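Read the structure below first, then the notes.
The values are calculated or read from the model by the stated rules, or taken from the named source; none is laboratory data. Computed from a prediction, not measured in an experiment: that's the story for all the values here. Note that we place each Cβ from the backbone using ideal geometry, even for glycine, and neighbour counts take in every protein chain shown. Protein only, heavy atoms only, side chains kept; ligands, DNA and RNA dropped before computing areas. Shrake-Rupley method; radii C 1.70, N 1.55, O 1.52, S 1.80 Å.
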Amino acid sequence: MNWLTRHPVAATTKLLNLAVMVIAVYLTAACSSSRLSTPTAHQATPRVLLLNSDQGIARYQAAQQAFHATINEEVVTVDLADQRNPAGHVQDLLNQNRFALVYCIGAKSLGIIDDINPAAPVVYSSVLNWRRFADLQRYHGIASEVPAATQLALLRYLFPEVRRIGVFHSADNRAWISHAQQIAGQLGLEIKAEEIRGPRWLERSDALLAKVDALWIISDHNTLASAETAKTLFSKADQAGRPVFAYHPFFNDLGSVVTISADLPTTGRQAAVLAMALLSNTIDAPVIQYPAGSYVTLNLRQVFKYRLRLNESALDSVDLIIAR
Amino acid sequence: LVIAASGSTELAKLILEAMLTDRPDLASRYQLLSVPKDIDALMAVTFGMADAALSNELSLTTLTDLYPEQGNTLRVLAKSQPLLHMQVVAPRQLGSTEHALLEAIRQMKRTDQGRRSLSMLGLEDWAAMDLAALPGAAVNGARSKGVQP
C-alpha cells in the first residue's frame, strides 16, 4: 500500500507515516453505510455465470481472475472462444440453470446475452461501446475509459508546464468535451477543442496543433476511425513538435508520451463488488461505474524528445516506464 | 460500505481493523476494493465507485493541492497510528550478492535511473535504520540489518 512507500513526513520522523481513511463530505451517514453488503455464505449451486469473450486475450483474462478472487460466490465460467456455437451454448446453459447473475467480459459475450435477453441481471466490463447498454434495465457495467478528471489531473501532475491541450472530437463527444473543459479550468489547464466535420479534417489539423502545448487523444470512434488515421495524426503532431497523450495503451506504439487507461484487474474487482450488491438486492437501478483504477504508461524517450519537464515526484503514479 | 485502498488487501484490512476499533458496525461489513494507487482510491470516492478510501495522508494533501475541487470534497474519518515506511532487510552475515545488492540500493540516489526508480516507489532516499531505537518496534531478537527510506 502506498502509505508505506511515500516520501518521509518531515514534521514527524523520516521513518514513520500515517494512513488516513477519507469519505466524500457530501455522502450522508445513511448512504455511506447501506449501499453494499457482503454475502455471508456460499450458495449450494452456482448463481453466477461468467461469459468471457476470449480467455486468450490477456486483458479479459486479467478481469476474469480478479473477479474470481473477489466474489464470494461459486461461478460457472465459459470461454466463448472455445465454443463452435457460442450463442447456442449460452442459451443451453441458461435453460438448464437458474443463474441469478451473468457477468460478461468483452463485447462478444454481451452481444450474445443482449440477443438472448435473460431475466437475470447482467454485469459487463471491457466493452468499448458500453454506452449502447447504459440505459437498459438489468444491465450494469464498468465503463471503458478512466474519468476525464482523473486523466487531466494525472497529466497536470506529471507535466506541470503543459497548460494548453488540443483535442479533436466528433459531435458525439460535444457534451463530454464541454465537461472536460470545465474540469481543465479547475486544474489550471485549457482545452482547445475542435469538432471535426467531414473527412478532410486531418488536412486542417495543423492549425490547432500550432496553438497548443500537447495533443490529447480521447475515445472517439468517429475521429480515429482507422489505425491509418491515428498514424497520420501522430505524424502531424510530431512534425509540429507536439507530444501526444492518449487514453489507451494501443497508442504507446504510435509514440504517445503517456497513456492513461483503465486498470483491468480493478475492473474485474469492481464487477465482483457490483455483482455481490446485485445478488444481495441492494441495487434497484442500472449502475454504470467509471473504472476505479488507472494504468499509466510513460514513454521516457518521448519525454526527452519533446523536452517536457517531468515532475519526478509524480512517478509513483506511473505503472510502466518505457525507457528505450 | 465499499472502501477503496491501494496495495496489499491483507495489510489494508489490518490497518482498517486497528482504525475501526470504536466502529464495530463498520469494521464487520465493509467491502474492500483494491486499486493500483492512492490517487485512484481517493478519486473512486469522489466519483462514487467507493464510499470511502484508505490512503496515505500525503496523497490526500497532494490531491488537494493539485485539484482542490476534488480534494476538498473529502473528509478525514480516521487516522492510523504511525506506520513504518518500506524496509529492506538482510541477514547480518552478508554474502557477496547481498552485499552488492545493498550497496546498489544505497547508491540509488546518485544516478538518474536510480532516482527515477526511487520516485516510482514514492521515496526520496534510503537511510540506515536502528531497529532497536524505534518506539515499540520489537524485532523478537531478529539478527538483521536494514535500510529504510
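Report every pair of residues separated by at least 6 positions or lying on different chains whose Cβ atoms are under 7 Å apart, first residue within the range B:1-18 and without any contact (Cβ under 8 Å) to a residue 40 or more places away in the chain and over 10 Å from B:LEU54 (Cα atoms), second outside any strand (DSSP E or B) and not hydroxyl-bearing (Ser, Thr, Tyr).
Going by the 7 Å Cβ cut-off, the qualifying pairs are B:GLY7/A:MET1; B:GLY7/A:ASN2; B:SER8/A:MET1; B:LEU11/A:MET1; B:GLU17/B:ALA27.
Residues in the range A:296-316 that are facing another protein chain (nearest Cβ under 10 Å) and part of a strand (DSSP E or B): how many?
Count: 2.
Give the range B:37-74 a look and list any residue that's surrounded by fewer than 16 Cβ atoms within 10 Å (Cβ to Cβ) and farther than 29 Å from A:HIS140 by Cα, or say none.
Selection gives B:THR61, B:ASP65, B:PRO68, B:ASN72.
Quick one: would you say B:ASP40 is within 22 Å of A:SER261 (Cα to Cα), out of contact with any Phe, Trp or Tyr (no Cβ under 8 Å at 6 or more places or on another chain) and of a type in the set (Asp, Glu)?
yes
Of all residues in the range B:45-69, count the ones that are more than 7 Å from chain A (Cβ to nearest Cβ) and touching a residue at least 24 places away in the same chain (Cβ under 8 Å).
1
Given the condition at pLDDT 95 or above and assigned to a helix (DSSP H, G or I), answer yes or no: does some residue in the range A:161-172 qualify?
No, the range A:161-172 contains no residue that is at pLDDT 95 or above and assigned to a helix (DSSP H, G or I).
Yes or no: the range A:261-268 includes at least one residue that is open to solvent by 50 Å² or more (accessible area, probe 1.4 Å) and either β-branched (Val, Ile, Thr) or at pLDDT 95 or above (or both).
Looking through the range A:261-268, none of the residues is open to solvent by 50 Å² or more (accessible area, probe 1.4 Å) and either β-branched (Val, Ile, Thr) or at pLDDT 95 or above (or both).
Mind telling me which of the residues B:ARG23, B:ARG29 ends up being at the interface with chain A (Cβ under 7 Å from one of its Cβ atoms), over 29 Å from A:THR297 (Cα atoms) and surrounded by fewer than 19 Cβ atoms within 10 Å (Cβ to Cβ)?
None of the others qualify; the one that does is B:ARG29.
Here is a yes/no grid of residues against (1) at pLDDT below 95; (2) of a type in the set (Asp, Glu); (3) over 26 Å from the mean Cα position of the chain (by Cα):
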| site | (1), (2), (3) |
| --- | --- |
| A:HIS7 | yes, no, yes |
| A:ASN17 | yes, no, yes |
| A:CYS31 | yes, no, no |
| A:PRO39 | yes, no, yes |
| A:LEU51 | no, no, no |
| A:ASP82 | yes, yes, yes |
| A:VAL90 | no, no, yes |
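Any residue in the range A:222-243 that is of a type in the set (Asp, Glu) and in a loop (DSSP other than H, G, I, E, B)?
No, because not a single residue in the range A:222-243 is of a type in the set (Asp, Glu) and in a loop (DSSP other than H, G, I, E, B).
Answer with yes or no whether A:PHE159 is buried (at least 22 other Cβ atoms within 10 Å of the Cβ), more than 19 Å from A:THR223 (Cα to Cα) and more than 15 Å from the chain's Cα centre (by Cα).
Spelling it out, A:PHE159 is indeed buried (at least 22 other Cβ atoms within 10 Å of the Cβ), more than 19 Å from A:THR223 (Cα to Cα) and more than 15 Å from the chain's Cα centre (by Cα).
Identify the residue in the range A:182-198 that is farther than 21 Å from A:PRO147 by Cβ and in contact with a helix residue (DSSP H, G or I) (Cβ under 9 Å, 6 or more places away or on another chain) and, among all such residues, is farthest from the other protein chains (Cβ to nearest Cβ).
Going through the qualifying residues, I end up with A:ARG197.
Yes/no matrix, rows are residues, columns are (1) out of contact with any strand residue (DSSP E or B) (no Cβ under 8 Å at 6 or more places or on another chain); (2) under 19 Å from A:GLN186 (Cα atoms):
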site	(1), (2)
B:ASP38	no, no
B:THR61	yes, yes
B:LEU74	no, yes
B:MET86	no, no
